[in-house]
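A.B. asks: One structure follows; several queries about it will come next.
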Amino acid sequence: DGVFTNEYVSLKLRAVSRIFGVNNVDFRDLSETDDNVQDQFDSDDRRIYGANNAVANVAFTPTETAALKLGLRHNSLWGGGRFFNLNSDNVLFMDNLFVEWTPIDTENFSLTTRVGRQYFEIGGAGEFGGAKRDYFFWDVVDGLTVDVGFGAGGKLRILGLDLAGAQYRPDEVDFYTRQVTPTADVNFRGAAATQRYGLIYENTEAVEGL
């Protein structure tokens, strides 16, 4: 990890290499007989692979209330050999690019608006083994979110608009191009955009331990 900051700009760099291994996750004995090739295929689930992950986050804060934030990410598998492996078009995936504006930030009331590509989650599930456990909604959204804080009264987190798909899904568009074989929706008279909205109320201080 590395962090570089000055008066207006901060840069965070992170690179991780990991190796994973699984075996017999279905609790079936390995079949090595030649009588049933399909049984061999179904019972052999051993996997060992390595992965690299490099992330760069840049924040430009010209004023105390406004900021522009950009995040770039590259993923690859060990043994791929090429810089753009894992996904033929995944040179740099832009996982966040948004403008953040906080016009009000007091002890009893705060207001923060974010417009652009950003992370959004329902939350509350915590972490297990260093990984998030939010199975309901933890995604990159393209749109508008608003956080309204009421101090000890909790917080409203509003997903004002998420353009989840405009013919191409967000995970099918990377830093510089669309994928070669996208999942495009056609013949809907142009009404192919999928939109998501939501509202979350959270209060972690009203009841101790809840």
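A.B. asks: Does the range 19-54 hold any residues that are open to solvent by less than 50 Å² (accessible area, probe 1.4 Å) and touching an Asp or Glu at 6+ places or on another chain (Cβ under 8 Å), and which are they?
C.D. replies: The answer is Ser31, Ser43, Asp45.
A.B. asks: Restrict the check to the range 168-183 and report whether at least one residue is at pLDDT 85 or above and surrounded by 15 or more Cβ atoms within 10 Å (Cβ to Cβ).
C.D. replies: no
A.B. asks: Also, I was wondering about something else. So which of Gly2, Gly81, Gly71 ends up being at pLDDT below 85 and open to solvent by less than 60 Å² (accessible area, probe 1.4 Å)?
C.D. replies: Result of the check over Gly2, Gly81, Gly71: Gly2.
A.B. asks: Okay, moving on. Among the listed residues Ala56, Ala131, which satisfies the condition of being modelled with pLDDT of 90 or more, closer than 29 Å to Thr5 by Cβ and hydrophobic (A, V, I, L, M, F, W, C)?
C.D. replies: Checking each option against the conditions leaves just Ala56.
A.B. asks: Test Ser43 against the stated conditions and say whether it is at pLDDT below 90, of a type in the set (Gly, Ala, Ser) and farther than 24 Å from Val141 by Cα.
C.D. replies: The answer is yes for Ser43.
The values are calculated or read from the model by the stated rules, or taken from the named source; none is laboratory data. Predicted model only: the values in this text are computed from it and were never measured. A quick note on method: Cβ atoms are made from the backbone with ideal geometry, for glycine too, and the neighbour counts reach across all protein chains shown. Note: areas computed on protein heavy atoms with side chains; ligands, DNA, RNA excluded. Shrake-Rupley method; radii C 1.70, N 1.55, O 1.52, S 1.80 Å.
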